[in-house]
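These notes concern the structure reproduced below.
The values are calculated or read from the model by the stated rules, or taken from the named source; none is laboratory data. Computed from a predicted model, the values in this text were never measured in an experiment. Ideal geometry is used to build each Cβ from the backbone, glycine not excepted, and the neighbour counts take in all protein chains shown.
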C-alpha cells in the first residue's frame with residue numbers, strides 16, 4: 001500500500017467530514033439533528049469503503065481523483081457554483097432544523113436515504129466500468145470510448161448518479177428549501193456536460209460515432 005496516497009486520502013476524507021459536519025450542526029445549534037447524522041453516515045461510510053477498495057485495487061484511479069485540478073476557466077466556474085450551492089443547501093438545512101420552518105416527514109428522509117445508497121451503488125458501478133474517469137475534463141493517453149453497461153444507456157452515467165445523490169441529500173435532511181437550492185445543480189451540470197462533450201468529440205476517437213448510438217446525455221428518453 002502506498003503510504004503517501006493513504007495519508008493524502010485520509011486527510012481529504014477527514015477534512016470533508018469535518019466541513020460538512022460544521023455546515024450542518026453549527027446552523028442547527030445542536031448535535032440533536034438526526035437527519036444530519038443519517039446523511040453523514042450514508043455519505044461518508046460508503047465513501048471510506050470505496051476509498052479503501054480503490055486504494056487496494058486501483059490506486060492510480062484514486063490518485064487521479066485526489067490530485068485532479070480543473071484547468072479550464074469555464075469548469076472552474078462550474079466547481080465554484082457547485083461549492084456555493086452545497087454550502088447554501090447545508091446551512092439552510094441546519095437553520096430549518098433549528099427554527100422548524102418546514103421539516104419533511106421522517107419517512108421522506110428514510111426513503112431518500114435508500115435512494116441515496118442505490119445511487120451510490122450505481123456510482124461505484126460507473127467507476128468500475130470506466131477507469132478513465134477523472135474529476136477534470138480531459139482526454140487521457142490511450143483513452144478509448146466506453147459504451148458498455150450504463151454507458152450504453154446514457155452518455156454521462158456518472159453525472160446521472162450524482163444528480164440522484166445530490167437531489168436526495170436535502171430530502172434526507174428533511175429540508176424542502178435545501179432541495180430547491182440543489183435543483184440549481186441541473187443547469188450547472190448541463191453546462192459542464194456541453195463543454196465536456198466538445199472536448200471529447202474533438203480529442204477522443206470514436207466519440208462522435210458513440211453520440212449517434214447513445215442519444216441521451218443524462219436522463220433516458222428525456223435529455
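Taking helices (runs of 4 or more DSSP H) that fall entirely within segment 163-223, which contain at least 2 residues that are at pLDDT below 90 and surrounded by 15 or more Cβ atoms within 10 Å (Cβ to Cβ)? Full working, then the answer.
Numbers: elements: 176-182, 185-203, 207-213.
Answer list for segment 163-223: 185-203, 207-213.
Considering only segment 1-32, state which residues are at pLDDT 95 or above and over 17 Å from residue 44 (Cα atoms). Before you say what the answer is, go through the steps one by one.
Going residue by residue through segment 1-32, those that are at pLDDT 95 or above are 17-32.
26, 27, 28, 29, 30, 31, 32, listed by residue number.
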| remark: Checked 102, 90 against criteria (at pLDDT 95 or above, part of a helix (DSSP H, G or I) and in contact with a helix residue (DSSP H, G or I) (Cβ under 7 Å, 6 or more places away or on another chain)); the one match is 90
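Please verify whether segment 50-69 includes one or more residues that are assigned to a helix (DSSP H, G or I) and either over 22 Å from residue 123 (Cβ atoms) or at pLDDT 90 or above (or both).
Of the residues in segment 50-69, the ones assigned to a helix (DSSP H, G or I) are 50-57, 59-67.
From the residues that got through so far, the ones that are either over 22 Å from residue 123 (Cβ atoms) or at pLDDT 90 or above (or both) too are none.
Scanning segment 50-69 turns up no residue that is assigned to a helix (DSSP H, G or I) and either over 22 Å from residue 123 (Cβ atoms) or at pLDDT 90 or above (or both).
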